[in-house]
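Let me begin by presenting the structure, written as C-alpha cells, before commenting on it.
Here, each number is a calculation from the coordinates, and none is a lab measurement. Predicted, not measured: the structure shown is a model, and the values here were computed from it. Every residue, glycine among them, receives a Cβ derived from its backbone with ideal geometry; neighbour counts consider all protein chains shown.
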Amino acid sequence: MQTIAILITSLIVCRVFPNQAVSVLNAGISEDRILQDLPMNGVKALDRLNRDVFSQTGVIDVILLEGTNDIAKSPHNYDANQIIAGMKQIATQAHEKGLRIYMGTLTPFRDAAYPQYDWTFAEQGDKTRKQINEWIRSTKVDVNF
C-alpha cells in the first residue's frame, strides 16, 4: 500500500510542478483517519499536522488525500459533515501557516481488494464519499483534484 501512496504523490507532483526539481516529504500513513485515533493505525491526521507537516523545514504545500478510511473502515463514520469539518480544520491550519493545500477527492472503494484492511462497502458509505467529493470540488481550496 505504501508503494501506491508514493506513486500517487509522485504523479501529483509531476503534474503540478512539471519540469521542476521538487522535494516531497510524504508523511502519509496507510490506514489512518482524519477524525479518530486507532491503536493499530496511530494518531489521526488532525493531531499529526504539527509533527508531520508544520514542524518540517521548507514546506510550502500540503496534499490532503484523506477520509476514505474514516468511511470504509470499522468503526465507520458516515457523517459527511464531520469528515468535511475535519478537512476544513486541516485546510484552515495550513492556510494560517501560509501553506497552499491540494485536496484530493476520495477514491471509490467498492470491490477494494485489501483483505488485510477491515474495509467494507456499504451504500451509505458511498453516499458519504460522494457528498464529500461534491464539497471538495465546490470548495475554495487552492487546488482540488
Subset tally (residues that are over 13 Å from Ile63 (Cβ atoms) and surrounded by 12 or more Cβ atoms within 10 Å (Cβ to Cβ)) for the stretch 9-39
10
Out of Gly125, Gly104, Gly86, Gly98, which single residue is at positive phi and of a type outside the set (Asp, Glu)?
Gly98
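Would you pick out the residues in the stretch 40-78 that are aliphatic (A, V, I, L, M) and under 21 Å from Ala94 (Cα atoms)? Can you show your working first?
Let us first name the residues in the stretch 40-78 that are aliphatic (A, V, I, L, M), namely 40, 43, 45-46, 49, 53, 59-60, 62-65, 71-72.
Scanning the stretch 40-78 gives Val43, Ala45, Leu46, Leu49, Val53, Val59, Ile60, Val62, Ile63, Leu64, Leu65.
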